[in-house]
Amino acid sequence: MAGEGEGVAEPGSTGGVADGGEARSGRGDRLRVSRSLAIPLHEISWRATTPGGPGGQHANRTASRVEVRFDVEHSASLRPRQRAVLLERLGPVVSASAGDERSQARNRQLALERLAERLGAALRVLRRRRPTVPTAASRARRLEEKRRRSVTKQGRRAARSDDE
C-alpha cells in the first residue's frame, strides 16, 4: 500500500462491498456496475482523509472520508467499446468520495456505490430521438389560433382615417 489510509481496495479489506455490503455487487471481490460490467476491486484505488467542516475531535483525528478512483484507460476489465464511451463521457480517471458517515467502512461502501452509479449512468445507452411530424389537425389548430390572435391585435390598433 502507498501509505496509511491509502492504497488499492483488496477483497479481504475491512468494510465496503467486499465484506458483504451491497453496492450493486455480485461477488465479494467485484464492484457490480451493470449486467455486463463488474470491476475487480484491485483495479479501484482508494484514499482515506480527514473530513472537512465541523465535527470536533472525532473529525479532526479520524480519516473517515473516503475517495475511490478508477483508471479507465488502464483497466483490464473494460471492453473496447465501454472504454471508449467512458473516456468520452467521464475522462481517463473516474472518482467518487463520501464523508457522510463517521465510519470509514461505511463511507468506503458509499463511495463505491457512487462510483458504480457514475459509471453505470455513463454507460447507459440513450435512445435516439425519432423526429415526429405534426398531424394535420394540430397544424389546422395552430393556424386557426394565429388567425384569431391577428384579429384580436387588429382590433386594438387605433382607427386610421383615409385622409392621411
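The values are calculated or read from the model by the stated rules, or taken from the named source; none is laboratory data. Since the structure is predicted, the reported quantities are computational estimates derived from the model, not experimental observations. FYI the Cβ positions are ideal-geometry reconstructions off the backbone, even for glycines, and counts take in every protein chain you see.
Which of the residues belonging to the range 28-50 are in a loop (DSSP other than H, G, I, E, B), surrounded by 13 or more Cβ atoms within 10 Å (Cβ to Cβ) and not acidic (Asp, Glu)? Walk me through it before giving the result.
Start the filter on the range 28-50 by keeping residues that are in a loop (DSSP other than H, G, I, E, B), which leaves 28-29, 35-36, 50.
Restricting the remaining residues to those that are surrounded by 13 or more Cβ atoms within 10 Å (Cβ to Cβ) gives 28-29, 50.
If the condition is that a residue be in a loop (DSSP other than H, G, I, E, B), surrounded by 13 or more Cβ atoms within 10 Å (Cβ to Cβ) and not acidic (Asp, Glu), then Gly28, Thr50 are the ones that fit.
Among the residues in the range 130-150, are any exposed (fewer than 15 other Cβ atoms within 10 Å of the Cβ) and closer than 19 Å to Arg30 by Cα? Reasoning before the result, please.
Start the filter on the range 130-150 by keeping residues that are exposed (fewer than 15 other Cβ atoms within 10 Å of the Cβ), which leaves 130-150.
Narrowing the set further to residues that are closer than 19 Å to Arg30 by Cα leaves none.
No.
So which residues in the range 78-115 are part of a loop (DSSP other than H, G, I, E, B) and either surrounded by fewer than 18 Cβ atoms within 10 Å (Cβ to Cβ) or at pLDDT 95 or above (or both)? Break it down into steps so the answer makes sense when it comes.
In the first step, residues of the range 78-115 are kept if they are part of a loop (DSSP other than H, G, I, E, B); the result is 78-79, 90-92, 99-103.
Within the range 78-115, Arg79, Leu90, Gly91, Pro92, Asp100, Glu101, Arg102, Ser103 meet the criteria.
Exactly one of (1) assigned to a strand (DSSP E or B); (2) under 16 Å from Leu37 (Cα atoms); (3) among the hydrophobic types (A, V, I, L, M, F, W, C) is unmet by Val125. Its number?
Evaluating Val125 over (1) assigned to a strand (DSSP E or B); (2) under 16 Å from Leu37 (Cα atoms); (3) among the hydrophobic types (A, V, I, L, M, F, W, C) leaves (1) as the failure.
Among the residues of the range 51-77, write down those that are of a type in the set (Gly, Ala, Ser) and either surrounded by 10 or more Cβ atoms within 10 Å (Cβ to Cβ) or out of contact with any Pro (no Cβ under 9 Å at 6 or more places or on another chain) (or both).
Those that are of a type in the set (Gly, Ala, Ser) and either surrounded by 10 or more Cβ atoms within 10 Å (Cβ to Cβ) or out of contact with any Pro (no Cβ under 9 Å at 6 or more places or on another chain) (or both): Gly52, Gly53, Gly55, Gly56, Ala59, Ala63, Ser64, Ser75, Ser77.
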